[in-house]
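For reference, the structure is listed below as structure tokens.
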Amino acid sequence: MLEIRPIKAFSDNYIWAFQSENGVCAVDPGDAMPLLDWLAENRLSLATILLTHHHPDHIGGLASLRERFSSLQVYGPASIAGVTHPVSEGGKISLGELTLDVIATPGHTLDHLAYLGADFAFTGDTLFAAGCGRLFEGTPEMMYQSLSRLAGLPDTTRLYPAHEYTLANLYFAQACEPDNLAIKDRLVWAQQCMASKQPTLPVLLSTEKASNPFLRASLPSLAAAASSHTGCMVRPGLETFTILRQWKNEFVR
């Protein structure tokens, strides 16, 4: 199994890094220094960068890293300055024997991409542990469709989101489904992880399907929660997802 390491950046970002035959690959280096420190500590060199979207906390380290590593290959949306290999829906990235599939996952931004391996996925700010990204540029329908595509991956897929938002997301999930035992158990586990300063990621897709309200919007229980929150009847699916995303935006525990 490919070993993928979390490198902490800012207050809650993760830069994911792994070694391939071509060298180290890093995902969304919003800050160059944590990655450079990790590379130096392990006597490694950076060969490849994958970018999921254009927000500064995901691309902020790119210019410095390109100066440091002259042959760096940078894959990402064509809209990002500094990308050397623009990719889009249906693209494939070969890193030695490892091949990654590229899928478009708009919603958080219009240019958002996810990168899929045989049993793992880098989901950026589209799918978080127990949550999903805010809609800064896209529509609820875009995000709902993007999440549905990711939910269609095998249940054993390991998900690598870009932020440590799990605990806050689970508090919201519990507000939506207070009787969901999977959420209760996961919340206790996430609290223990945070207390011991351990990451809650990666997470299996099967876990998300059992406890992430945004992947459960088609269920009657979530439609009932959305209806109760708004005071009017909400249909399962996109309508429920739209209400849940608005509710999460204003949710205070």
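FYI, it's all coordinate maths here, none of it is from the lab. Small disclaimer: the values here were computed from a predicted structure and weren't measured. All Cβ positions, glycine included, derive from the backbone under ideal geometry; neighbour counts span all protein chains shown.
What are the semi-axes of the equivalent ellipsoid of region 127-253, taken as the square roots of 5 times the eigenvalues of the Cα gyration tensor, listed largest first and rounded to whole Å?
22, 17, 14
Helix 238-250 against the longest principal axis of the chain: what's the angle in degrees, Cα atoms only, rounded to the nearest 10?
80 degrees
Arrange the following residues from fewest to most other Cβ atoms within 10 Å of their Cβ: VAL83, VAL188, VAL252.
VAL252, VAL188, VAL83
Cut-off is 10 Å between beta-carbons; in what order do ARG68, ARG245 appear when sorted fewest neighbours first?
Least to most surrounded, the residues fall as ARG68, ARG245.
Starting at the first residue of region 207-224, write each ³J(HN,Hα) from the Karplus equation 6.51 cos²θ - 1.76 cosθ + 1.60 with θ = phi - 60°, in whole Hz, x for Gly and Pro.
5, 5, 5, 8, 9, 9, x, 6, 8, 10, 5, 7, 8, x, 5, 6, 4, 5
Report, for the chain, the % of DSSP beta bridges that are antiparallel, rounded to 5.
Antiparallel bridges make up about 65 percent of those DSSP assigns within the chain.
Looking at ILE15, LEU201, MET33, which one has the Cα that reaches farthest to the positive end of the dipole of the chain (charges on Cβ: Lys, Arg +1; Asp, Glu -1)?
LEU201
Can you find, among SER94, ALA63, VAL188, the residue sitting farthest towards the positive end of the charge dipole of the chain, where Lys and Arg contribute +1 and Asp and Glu -1 at Cβ?
VAL188
When DSSP beta bridges are limited to those with both residues in region 1-106, what percentage is antiparallel, rounded to the nearest 5?
Restricted to region 1-106, the bridges split so that about 60 percent are antiparallel.
Counting Lys and Arg as +1 and Asp and Glu as -1, what is the net charge of the other residues whose Cβ lies under 10 Å from the Cβ of LEU222?
0
Which angle from 0 to 90°, rounded to the nearest 10, does the C-alpha axis of helix 140-151 make with the longest principal axis of the chain?
70 degrees
For region 14-120, what ratio Rg/Rh do Cα atoms give with a Kirkwood hydrodynamic radius?
Rg/Rh for region 14-120 comes to 0.94.
Within region 84-198, what percent of beta bridges assigned by DSSP are antiparallel, to the nearest 5?
Counting only bridges with both partners in region 84-198, antiparallel ones make up about 75 percent.
Computed over the Cα atoms of the chain, what is the convex hull's projected area averaged over all directions, in nm²?
Here the figure is 13.1 nm², rounded to one decimal.
Amide H to amide H under 5 Å from ALA129: which residues, 5+ apart in sequence or cross-chain, H placed 1.01 Å off N in plane?
It is TYR165, by chain and number.
What is the dipole size for region 1-153, taken about its Cα centre, with +1 at each Lys and Arg Cβ and -1 at each Asp and Glu Cβ, in debye to the nearest 20?
Roughly 120 debye, rounded to the nearest 20.
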